[in-house]
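Single-structure report; data block below.
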Amino acid sequence: MFILRVLCCSLLLTAAMAVDSETSHPDGFAVSSAHPQATRAGIKILKAGGNAFDAAIAVAATLAVVEPYSSGIGGGGFFLLHVAEDDSNVFIDARETAPKAASADMYLDDEGEFLRSKSLTGGLAAGIPGMPAGLVYLSENFGRLEFTTNMAEAIRLAKEGFLTGKRYNAMASYRTEDLNNFPGSAELFLDNGFAPKPGFRVFQQELARTLELIAQTNGHAFYKGEIAKRLVSGVLATGGIWSLDDLADYTVKLRSPVTTTYRGSKIVSAPPPSSGGIVLIEALNILERYDLSVETDIDRVHLVVEAMRRGYRDRADFLGDPDFINIPLERLLSKSYADGVAENISTTKASVSLELAPLESKVEGRDTTHFSIIDAEGNLVAATLSINTPFGSGVVPKGTGVVLNNEMDDFSARRMTPNTYGLVGAGANSIAPRKRPLSSMTPTFIESNDRVAILGTPGGSRIISMVLVSALEFLRGGDAESMVVAKRYHHQYLPDQINYEKGGFTMSEVSNLRGKGHQLKESSRNYGNMQVVTWEKKSGKIAAASDPRGEGQATVEK
Ligand code: GLY
């Protein structure tokens, strides 16, 4: 397997982190994740001699248990890795795929109206999960410890139960009605039909058995064995269209990360079928034209918003699953392209989204989770994982304990009709059998002359703008703490407005931005759950921070 990885990597890997003679090893290891139990599981593996990739398996599997609303075995995700041994960067695409029986108009009624509930709830909303295959791939190609060892803590927590917190209550409240439509799901995740108050213990015996089987059979039981049969039955019983072949045919994809430089720092991020890396890089390439350090706060926000607007416009026009459509990747990532799209940015006046070049393509989170890991050898992991909206499709096929995703809603079900995140698409992201829905998940590494950052967050369409805001904070000298604290604002081309988190701008900032012609909307709450690890290359010092808006934990061990 190691040979296989080396071969793949020589073909696919780009933009290695530069390691020079002055780079020291990290002075310890660190994990930052959205849940203390998951962070502890990762630290335990690192202390037992595992590397960052072993720890990533433990963290991802534990999150599948303790954050059943965010990610899990019934979902998918992206793992961005830096392998210190050969100084390479690897992107594991474990994104869900559409089932073979899927079609472009599967969520439209006879009049062509979009039936949103069908892409969000029930078996028809679920894509074929990639997470188990992703974990197996990580273990076989990058891990050092036994797969069963890395999975042990998750299995224990599923059996012995975990205590819910405020976040669980908020997520279960949001989906109480849908969960109650599926009695098995309600029994597992609700307290007599209601969102449990913090301190409720959730037991998941069937999930424990599923995780055990995945660990013992390297995923075979999930994709081709007894769990596969139960999954398909559960999906068919709730309106879905999966077949056993869909599961048997699932494979992860190794892809080249997308990269750029920003004023001397290197950015390494998620390629399609994520839109994250491309939008992030296009925005940074645009912003590199300006010296943001000398701009006023308002002018800086204005320019960042104009960069977001253009990046998200191109998301809608060009991006989808690269195995199905041609994406002009080189062009979108080039500095000259950024120069062209930035030409009509005024420093004093907001652009109007619909006055930018019209979408032409001829083809066309609320929840999710992220964790960041570094080990003492300098291996890095940025992983963003998802089942899409809280508790995914709401379906837990009998006898599996697996919460199925509703990632099918990330497709563009109808041209220019917004999905649940308000994102539109012109055609590149239309539904097709076995296609991967376009994602916004943006696991990212940044490397400046003397520092490295590992970052990412959940948050649906706002993931990319959050990563951009935190990346800019790091690039102007900020640390892990200031990166997770940074106030968030977002523009996604359409709707043509700046959405900012509660209290994100002062009244005077709002009025100044309005003065430039921007529409603004304050969110009813703050958003995101950013997990950051940083490494100072010369001293070896590492630091980590977990978003204060969440309930996660960042732990550094020396
Ligand atoms: N399901 C959220 C995303 O992939 O963007």
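Numbers below:
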| item | result |
| --- | --- |
| One residue from VAL467, VAL452 being buried (at least 24 other Cβ atoms within 10 Å of the Cβ) and either within 16 Å of the ligand (Cβ to nearest atom) or not in a strand (DSSP E or B) (or both) | VAL467 |
| Residues located in segment 506-531, provided they are closer than 23 Å to SER440 by Cβ and in contact with a Leu (Cβ under 8 Å, 6 or more places away or on another chain) | LEU520, MET530, GLN531 |
| Residues of segment 431-449 satisfying the condition of being surrounded by 24 or more Cβ atoms within 10 Å (Cβ to Cβ) and of a type in the set (S, T, N, Q) | SER439, SER440, THR442, THR444 |
| Residues (surrounded by 19 or more Cβ atoms within 10 Å (Cβ to Cβ), assigned to a helix (DSSP H, G or I) and not aromatic (Phe, Trp, Tyr)) located in segment 210-225 | THR210, LEU211, ILE214, ALA215, ALA221 |
| Scan of segment 514-558 for residues that are at pLDDT below 95 and either outside any loop (DSSP other than H, G, I, E, B) or within 17 Å of the chain's Cα centre (by Cα) (or both), ordered by number | TYR527 |
| Every residue from segment 387-407 that is of a type outside the set (Ser, Thr, Tyr), surrounded by 24 or more Cβ atoms within 10 Å (Cβ to Cβ) and away from the ligand (no atom under 16 Å from the Cβ) | VAL395, VAL396, PRO397, GLY401, VAL402 |
| Filter pass, VAL352 being surrounded by fewer than 24 Cβ atoms within 10 Å (Cβ to Cβ) and either aliphatic (A, V, I, L, M) or within 16 Å of the ligand (Cβ to nearest atom) (or both) | yes |
| Residue satisfying all of: in segment 259-294; β-branched (Val, Ile, Thr) and more than 16 Å from the ligand (Cβ to nearest atom); surrounded by the fewest Cβ atoms within 10 Å (Cβ to Cβ) among these | VAL294 |
| Test result for SER412, among the small types (Gly, Ala, Ser) and surrounded by 24 or more Cβ atoms within 10 Å (Cβ to Cβ) | yes |
| All positions within segment 354-400 that are of a type in the set (S, T, N, Q), at pLDDT 95 or above and more than 21 Å from the chain's Cα centre (by Cα) | THR400 |
| ALA486 surrounded by fewer than 24 Cβ atoms within 10 Å (Cβ to Cβ), more than 16 Å from the ligand (Cβ to nearest atom), modelled with pLDDT of 95 or more and more than 30 Å from PHE411 (Cβ to Cβ) | yes |
| First in segment 308-323 and closer than 15 Å to ASN285 by Cα, second anywhere and part of a helix (DSSP H, G or I) and charged (D, E, K, R), Cβ under 7 Å, 6 or more apart | ARG310/GLU282; GLY311/GLU282; ASP314/GLU282 |
| Some residue of segment 343-366 being touching a Lys or Arg at 6+ places or on another chain (Cβ under 6 Å), of a type in the set (A, V, I, L, M) and part of a loop (DSSP other than H, G, I, E, B) | yes |
| Residues of segment 374-386 that turn out to be within 13 Å of the ligand (Cβ to nearest atom) and not small (Gly, Ala, Ser), as a count | 2 |
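Conditions tested, residue by residue: (1) part of a strand (DSSP E or B); (2) within 16 Å of the ligand (Cβ to nearest atom).
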site: ALA413; (1), (2): no, yes
site: ASN419; (1), (2): no, yes
site: GLY425; (1), (2): no, yes
site: ASN429; (1), (2): no, yes
site: PRO433; (1), (2): no, no
site: PHE445; (1), (2): yes, no
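The values are calculated or read from the model by the stated rules, or taken from the named source; none is laboratory data. Owing to the predicted nature of the structure, the values given are computational and were not obtained by experimental measurement. Backbone-built Cβ (ideal geometry, glycine too); neighbour counts: all protein chains shown.
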